[in-house]
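Report on the following structure.
The values are calculated or read from the model by the stated rules, or taken from the named source; none is laboratory data. The shown structure was predicted, so the numbers you read here are calculated from the model rather than taken from an experiment. Backbone-built Cβ (ideal geometry, glycine too); neighbour counts: all protein chains shown. Remember, those area values only see protein heavy atoms, side chains included, never the ligands or the DNA or RNA. Shrake-Rupley method; radii C 1.70, N 1.55, O 1.52, S 1.80 Å.
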Amino acid sequence: MAQGINNEVAIIGMGCTTFGELWDRSASDLMVDAFQEALEDAGIEKKDIDAAWFGTCFDEVNVGKSALSLTKTLKLPFIPATRVENFCASGTESFRGACYAVASGACDIALAMGVEKLKDTGYGGLPDFGNLLGSQNRAIFANLTAPGGFAMLATAYFDKYGLSPEEGKRALAHISSKSHHNGTLSPKAHLRSEVSIEKIMNAPIIAWPLGLFDCCGVSDGAACAIVCRASRASEFRKDPVYVKGLQIAVTSGEEMAHQKWDGTHVIPTYRAGCAAFKEAGITNPREEISMMEVHDCFSITELSTYEDLQISPRGKAVEDIEAGFFDLDGTIPCQTDGGLKCFGHPIGASGIRMIYEEYKQLQGKAGERQVASPRIGLTHNLGGFPCMSVVSVAVFGNTL
Amino acid sequence: MAGITSYGAYIPWYRMKRSIIFEQMGWFNAGNAAVARGEKAVANYDEDSVTMAVAAALDCLGENPRDHIDGLYLASTSFPFAQRQNAVIASQGLDLPPAVRTADFGGSTKAGTSALLAALDGADNRRLMVCAGENRLAKPGSSQEYTYGDGAAAFLTGEENVLAEFKGSYSVSADFIDFRRTPEERFSHGWEERWIRDEGYSRIIPQAVAGLLNRYDLKISDFAKVVLACPAAGAMKGLMRAIGAVPEQVQDTMMDTIGDTGAALPLMVLAAALEEAKAGDRILVVSYGSGSDALWFEVTPAIEGFRTGGRKGIAGHLARRNDLSVYGKYLVFRNLIPLEVGIRGEEITPTAMSSLWRDGNAISALVGSRCRACGTPQFPQERVCVNPDCGATDNMEEYPFSDKAGTLASYTGDNLAFSWDPPQIYGLVDFEEGGRILLDLTDCSLDAVRVKMPVTMSFRRKYADPRRGYYGYFWKAVPAA
């Protein structure tokens, strides 16, 4: 019986750049910035790192293939380095590689770096998907984009739970407005303005029923984490953050080709959540989790994630949203740093950026947006589309 | 006796009032007021002569089994491909078996009747699908911009269950250069319309008619219906006088509702005639272009039972319509003006012909598979069953989806995706008999789309790669009529 890695791994240092449309900075610049912060935070030197994992997604508009751009940029001294790519879970996937390496005893200290430089395409939104799904993509796959793929989640959800477009969009607007408020308290965020529910509801439609403010931004950024075995963490710092659960679930393909799925939620989120909670020993997520950074690429994603992570009962997320349950002063603050909504979504960096927020919150270093006495934080990434996704769920704590 | 055993037609969803063209371009040539009447059928941005021919052929096919068909002939003067047989794109779209004879008939607006004659003459008990589709480009400001319309017709020919017996024909050929175009050119060059009217329609069509009447010792009054593929309304009266026909005999050429569909015109008008014909009717069909073909058909009693088959035909398609009221949209659909497609729109991944060939009828004919173990239909074809409660490996049989009805499980209208007609609408289609496919929608507007809306499948151009000379064809969902 697999034991998982609950309490086996500790984060001892992290770094995260400012996210944004960083026209004057390259992916390499961003990696150096994030890495410097993490080294200083951990109080170690580059030579102490035994192995590195590197998460990035759109290598073709970004850093190129392999882990070369990581090792060459940081001048890592001929250590094992691996590039991973798993859609929007790429950052968390690199973190998983580093955690498993130290948990197994293969390494003492490992680095996970995530970076994405998206703003060199010349247009808004993510890079064109082209052959994203292999050579058949253009031939058979609907002409979809990320907003459209997720908009279908909203269409089906509204239909199933009898929400009028007005009612549904108002609940979604609360989600975005809340995140924008949190973003104003988050110095490294890309978008740092309050946005009213009325403005959100009246914004231009990107993919019906999602409007501009239902969609996260596209930006550049990097984040990294340095991990070691939990038993050694106290050698490096007094406030390490421990990995409680770290799971990935990837679709079997049934959502898109079999009628069993109703299109109103994301099966891999539910499955990865269950596995991570089991690994972390969490039996009642609504009671035990202090705060979350979920994959709010779109407001509807955040809504469905509340239910898939068993925080809100099925069909009841709207009630929780409107009661302020996920607001910064609510029961489980969600997107305390503003989330993808305010940071934008440099794919490979996002997962580690979320971990960075949980790390800072659990250390009590989150400044104006600090959650009172948090114990357990959660991060969630959803790559692909609701009908075909890669999901990571990670759970962190500040005590063993 | 060989003859027509089934017929079908297709008219695109969009219709444009010709007054809209005149409002935009009448300033340039006020003389076009004479042709600025009625409306014309306009192919959607994802349609061409081949896709419309497939739609007509599906309408014609009805319940006829595909493996009973021996060949497919396709006629057009607006084929999308100069090399890569257009007929075989259609036959693969229809999922006809590999052992079929396919041929393109082009070059002239009489190509439609040439294809029909090729199928009927010496039919030798072969069952052939004859289609004609047309989607011709006309220069803005020309009279053809008003008169040209888009559409298709299809006929099954054979010797059993004949609806209209083929009794005889007469052809004339003439290098009468009314319109001409080289392969390098997008638009035709025409000669003076008065000359075409007087020396073309008014002399060449009567030659073919007279030839046929003489050959079989018939009188024009022997025919209940006369199909004259003469798109010039002004020439019609003189033409009727020249052949001795009375207006009651002459089938409406639908110029005011569809327009001049070129090689498809005589076949579409014949389809309309058959929709109203009764047993014993003699029908004369006369095409025009580089000469003329005259064909004599006689309707059999089988026509009565046939009409209950639920085909849309001309009448059904005429009723399914949507106004195209923006002239600029028409120009964009026909790629007549440069459009700022943006960098996203410019990015077209090359198509791997080897991969396309390997996937066979999965892409061309929307053929998925059905698991023999659990019965689940699925697309695309995979070796491992997608049913989470099954998962059997290598236990699949082919399963066609193109003729299946479905409903939308969800949908969106996407303004970020590049589309020639934004928003790009797509959705998850759940098929009534099982299976689910994420498909683009076409021939619909977003405000009419609903969850659970019934849809059917339509063969369309999915993407164009003009730099590499390629159109990718696939299937889209359209609202069920």
Hull-based mean projected area of the range B:207-254, where the convex hull spans the alpha carbons, in square nanometres: 3.2 nm²
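Heavy atoms only, 1.4 Å probe, whole protein assembly: order B:Tyr146, A:Tyr270 by accessible area, highest first. Don't skip to the answer; put the middle values down first.
Details: B:Tyr146 0, A:Tyr270 85 Å².
Highest to lowest solvent-accessible surface, that is A:Tyr270, B:Tyr146.
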Roll a 1.4 Å probe over the protein chains and send me the accessible area per residue for the protein assembly as shown in Å². 37 Å²
Can you give me the distance in nm between label points at B:Glu63 and A:Lys160, each placed 7 Å from the Cα along the Cα-to-Cβ direction? 3.9 nm
Looking only at the range B:3-333, where both bridge partners belong to it, what percent of the DSSP beta bridges are antiparallel (to the nearest 5)? 65 percent
Most positive-pole-ward Cα, B:Tyr201, B:Ile89, B:Ala153, against dipole of the range B:3-333 from beta carbon charges: B:Tyr201
Relative contact order for chain B using alpha-carbon pairs under 8 Å, separation at least 6, rounded to a whole percent? 17 percent
Where nothing but the Cβ of Lys and Arg (+1) and of Asp and Glu (-1) is charged, how large is the charge dipole of chain A around its Cα centre, in debye to the nearest 20? 560 debye
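For peptide A:259-266, what's the mean number of Cβ atoms from other chains within 10 Å of each residue's Cβ?
On the way: counts 10, 6, 4, 2, 9, 2, 0, 0.
Per residue, the average neighbour count from other chains is 4.
Nearest 0.05, what FRET efficiency do B:Asp394 and B:Asp447 give at R0 = 51 Å with Cβ-Cβ as r? Provide the component values of the computation, followed by the final result.
Working: r = 45 Å, r/R0 = 0.89.
After rounding, the FRET efficiency stands at 0.65.
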Reachable lysines, given that their alpha-carbon falls under 24 Å from the alpha-carbon of A:Lys238 and they are not under 8 places away in the same chain: A:Lys46, A:Lys47, A:Lys360, A:Lys365
Which value, in nm² and rounded to one decimal, describes the direction-averaged projected area of the C-alpha convex hull of chain B? 22.8 nm²
Rg and Dmax [Cα atoms of the range B:1-138; Å; Rg one decimal, Dmax integer]: 17.3, 56
Largest to smallest accessible area among B:Trp420, B:Trp27, B:Trp191 [probe 1.4 Å]: B:Trp27, B:Trp191, B:Trp420
Along the dipole axis of the protein assembly as shown (charges at Cβ: +1 for Lys and Arg, -1 for Asp and Glu; origin at the Cα centre), the most positive-end residue among B:Ala272, B:Ser76, B:Ala481 is B:Ser76
Could you size up the charge dipole of the protein assembly as shown around its Cα centre, putting +1 on the beta carbon of Lys and Arg and -1 on that of Asp and Glu, and report it in debye to the nearest 20? 740 debye
From the helices alone, meaning DSSP H stretches of at least four residues, give me the mean residue ellipticity at 222 nm for the protein assembly as shown, per-run term -39500 (n - 2.57), in deg cm²/dmol to the nearest 500. -8000 deg cm²/dmol
Peptides A:109-117, A:65-73, A:236-244 ordered by average Cβ neighbours within 10 Å, highest first: A:109-117, A:236-244, A:65-73
Report, in whole Å, the centroid distance computed from the Cα atoms of the range A:310-369 and the range A:198-271. 11 Å
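With N set to the number of residues, divide the alpha-carbon radius of gyration of the protein assembly as shown by 2.2 N^0.38 Å and report two decimals.
In units of the globular-protein estimate, the protein assembly as shown measures up at 1.13.
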If you count, for every residue in B:430-443, the Cβ atoms of partner chains within 10 Å of its Cβ, what is the mean? 3
Taking Lys and Arg as +1 and Asp and Glu as -1, residues besides A:Val371 with C-beta under 13 Å from its C-beta add up to -3
Can you give me the orientation-averaged projected area of the convex hull built on the Cα atoms of the range B:301-348, in nm²? 6.5 nm²
For B:Lys404, list the lysines whose Cα falls under 26 Å from its own Cα; do not include residues on the same chain fewer than 8 positions away. A:Lys160, A:Lys260, B:Lys312, B:Lys452, B:Lys462, B:Lys476
Provide, for q = 0.07, 0.10, 0.13 Å⁻¹, the log10 of I(q)/I(0) from a solvent-free Debye sum over equal Cα point scatterers in chain A. -0.28, -0.58, -1.02
Under the Kirkwood approximation for Rh and a Cα-based Rg, what ratio Rg/Rh is obtained for the range B:240-337? 1.04
Average beta-carbon neighbours from other chains, 10 Å sphere, peptide B:355-366: 2
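Please report the carbon-and-sulfur percent of the accessible area for the protein assembly as shown; probe 1.4 Å, protein heavy atoms only, DNA, RNA and ligands left out.
Numbers: 16420 of 32620 Å².
C and S fraction of accessible area: 50 percent.
Report the accessible surface area buried between chains B and A, summing both sides, using a 1.4 Å probe on protein heavy atoms only, in Å² rounded to the nearest 100. Intermediate values should be presented prior to the final figure.
Numbers: alone 21050 and 15220 Å², together 32620 Å².
Using a 1.4 Å probe on protein heavy atoms, the buried area is about 3700 Å².
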If each part is reduced to its alpha-carbon centroid, the range B:62-138 and the range B:337-391 end up apart, in Å, by 26 Å
Any idea what log10 I(q)/I(0) is at q = 0.16 Å⁻¹ for the range A:1-144, Debye with uniform C-alpha scatterers and no solvent? -0.89
With charges only on Cβ, +1 for K and R and -1 for D and E, what is the dipole size of the range B:3-333 about its Cα centre, in debye, rounded to 20? 560 debye
Between A:Glu198 and B:Lys237, what is the spin-label point distance in nm, taking each point 7 Å from the Cα along the Cα→C-beta axis? 6.6 nm
Cα axis of helix A:90-103 to longest principal axis of chain A: angle in degrees, 0 to 90, nearest 10? 40 degrees
Cα lying deepest toward the dipole's positive end in the protein assembly as shown, options A:Ser94, A:Ile206, A:Val32, charges on Cβ: A:Ile206
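Rounded to two decimals, what ratio of Rg to Rh does the range B:96-254 give with C-alpha atoms and a Kirkwood Rh? Can you show the working numbers first?
Numbers: Rg = 17.3 Å, Rh = 17.8 Å.
Ratio of gyration radius to Kirkwood radius for the range B:96-254: 0.97.
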Between the range B:150-226 and the range B:1-45, the Cα center-to-center distance that results, in Å: 20 Å
Protein-protein interface of the range B:451-481, residues with accessible area decrease of at least 40 Å², isolated chain reference, 1.4 Å probe: B:Val451, B:Lys462, B:Tyr463
Order of exposure, largest accessible area first, which applies to B:Cys444, B:Cys374 with probe 1.4 Å: B:Cys374, B:Cys444
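Counting alpha carbon pairs within less than 8 Å and at least 6 residues apart, what relative contact order, in whole percent, applies to the range B:202-354?
Details: 164 pairs, mean separation 35.0, N = 153.
That works out to 23 percent.
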Which whole-number percent is the relative contact order of chain A (Cα, under 8 Å, 6+ apart)? 26 percent
Nearest 10 degrees is fine. How inclined is helix A:299-308 to the longest principal axis of chain A, computing both from alpha carbons? 80 degrees
First select every other residue whose beta carbon is under 12 angstrom from the beta carbon of A:Lys278; then total the charges, Lys and Arg +1, Asp and Glu -1. +1
Label-point gap, in nm, between A:Leu68 and A:Arg314 - each point 7 angstrom along Cα→Cβ: 5.0 nm
